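Since every read-out is calculated from the coordinates, none of them should be taken as a lab result. Keep in mind it's a predicted model, so treat the numbers as computed, not measured. Here Cβ is always computed from backbone atoms with ideal geometry, including for glycine, and neighbour counts include all displayed protein chains.
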Amino acid sequence: MQIRLENHLSDEEHRHLFGWGEDIFGADHLNLRWRPKDLHIFVDVNARAETHVGLLRHNVAVDGRSMLVAGVGGVVTALASQGKGYATYAMRYAGDFMCSEWGVDFGLLFCRDPLVGFYERLGWQKVEDAVEIEQPGGPVESPMNVMIRPCREKSWPAGRVKLNSFPW
Ligand SMILES: CC(C)(COP(=O)(O)OP(=O)(O)OC[C@H]1O[C@@H](n2cnc3c(N)ncnc32)[C@H](O)[C@@H]1OP(=O)(O)O)[C@@H](O)C(=O)NCCC(=O)NCCS
């Protein structure tokens, strides 16, 4: 099992990681526009990418104050490789990477209800205040859970979050 970082996701990797089912993120019904990631973290097993975690850097506004966060998204493991700890491994790596290499104070991700516990076990916390995301028709309240993970024991400030971006 090996971590690999790339700026690009190949078509073959995309098919293997994301093409194993219909609506694998369970979010199709929300009809949201999503944002591409800047960096791709892969867990390779026998020289093939079995897990992917995408990262991007972005400034959000919390209670009117700008804050640089690492956006985490596109967390996926190919179907036959699930339940072996690969996503846990990739998420731990992504958490360390964003704090130490990118120097952000927080990571921020979107997820649906069944996965909240998975991320909580990895140190992520649900944002309780409203989060406004951008969509082609203008800003809307996020219909997904928003979770943050602090670096260096920071505390997430209270207040309305304006993403100023499509979600990721
Ligand atoms: C979520 C996902 C990335 C986990 O990948 P993985 O490599 O199997 O993860 P790990 O082996 O490290 O951990 C497995 C844990 O995932 C969690 N999990 C996975 N799917 C879940 C689901 N549908 N409901 C609740 N928990 C789930 C469980 O907590 C499980 O823990 P367990 O093995 O102790 O039961 C994988 O199931 C997947 O690709 N799902 C579809 C895409 C998706 O929903 N991604 C998350 C978007 S926020």
- Towards the positive end of the charge dipole of segment 2-162, with charges on Cβ (+1 Lys, Arg; -1 Asp, Glu), say which of 43, 55, 95 has the farthest Cα. 95
- Query: Pick from 21, 74, 137: which is most flexible by mean-square fluctuation in a GNM of the chain where alpha carbon atoms under 10 Å apart are linked?
  - Reply: 137
- Note on the structure: Comparing 109, 56, 68 in a Gaussian network model of the chain (Cα, 10 Å), the one with the largest mean-square fluctuation is 68
- When only DSSP loop residues count, what GluC sites (Glu not before Pro) in segment 19-118 have their Cβ near at most 16 other Cβ atoms within 10 Å? 22, 101
- Which order results if 151, 111 are arranged by neighbouring Cβ count within 10 Å, fewest first? 151, 111
- Note on the structure: Per the beta carbon screen (other Cys under 4.7 Å), unpartnered cysteines of the chain come out as 111
- Of 77, 51, 88, which is the most mobile in a GNM of the chain whose springs link Cα atoms less than 10 angstrom apart? 88
- Task: Just add up the charged neighbours of residue 1: K/R +1, D/E -1, any other residue whose Cβ is under 10 Å from the Cβ of residue 1.
- Result: -1
- If you rank 165, 66, 81 by fewest surrounding Cβ atoms within 10 Å, what's the result? 66, 165, 81
- Message: With +1 on the Cβ of every Lys and Arg and -1 on the Cβ of every Asp and Glu, and nothing else charged, how large is the dipole of the chain about its Cα centre, in debye rounded to the nearest 20?
- Response: 320 debye
- Item | Count, lysine Cα pairs under 23 Å in the chain, 8 or more residues apart or across chains | 5
